[in-house]
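Where a number appears in this text, it was derived from the coordinates with a stated rule and is not lab data. Just so we're clear, the structure is a prediction, and the values are computed from it rather than from any experiment. Neighbour counts are summed over all protein chains in view; Cβ atoms, including those assigned to glycine, are modelled from backbone coordinates with ideal geometry.
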Amino acid sequence: MDSHFGLMNLWSQGDIVTKAVAVLLIGMSLASWIVIFIKALDVIKYKRLAKHSQDFWHSEDFATALNKLGKDESNPFRALALEGREAAAHHRNTKVHLHDALDVSDWITRSLRNGIDEFTARLQSGLAVLASVGSTAPFIGLFGTVWGIYHALMSISSAGQATIDKVAGPIGEALIMTALGLAVAIPAVLGYNALVRGNKFVLTKLNSFAHDLHAYFVTGARVQSTDATIVPLKKG
């Protein structure tokens, strides 16, 4: 390959705008891959925890069930169980005149919903980076292409040579910016869609778990639970 063409020549011959666009796209690519990697590990972890959450209901009492969820404080199922227990205990110990304002079902529902909302915000953090990269990277690359073609044509015009071999090289190098923009955007979009699907699965399992917790703390039994041995929540 001719050493006068290619990425290295594009970088060495480019002005500050061309270099800034290239650096920006590379930075966006690194940021998106870091987010994809970290969030993918989180989704895998939470999916594994979701599968083990069913062990919670195969317990003799709440303390044993809680131990089956492990000691990891980042486990959303364990945090939700603790949130529900604290809400139920708080409502039992609240003065009578406050009971009239909010019954136990509404109070536990509100507490569990707050816990789910907090976890949802944490689960979806970083996705805005992927959405921004996926939507803007192609246009940033296109801007770099337009800028590069403009300067290539200006250089050719100044040299007074417009043969195909003089035009194809500089313009071809400028088009690399468009390809770079697409190379940055496509993984970001695919990663975003995959993470959204994974998050949706985890949140569906968490909402189902919260529904069963709500029924347990209000009625003392899991909804439609036929294979789990559950005893009423111990007081205190």
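How do R78, R113 line up, fewest other C-beta atoms within 10 Å first?
Going from least to most buried by this count: R113, R78.
Taking neighbour counts of Cβ atoms within 10 Å as a proxy for exposure, in what order, fewest first, do K68, K51 appear?
Starting with the residue having the fewest Cβ neighbours, the order is K51, K68.
Could you list E173, E118 so that the one with the fewest beta carbons within 10 Å of its beta carbon is first and the one with the most is last?
E118, E173
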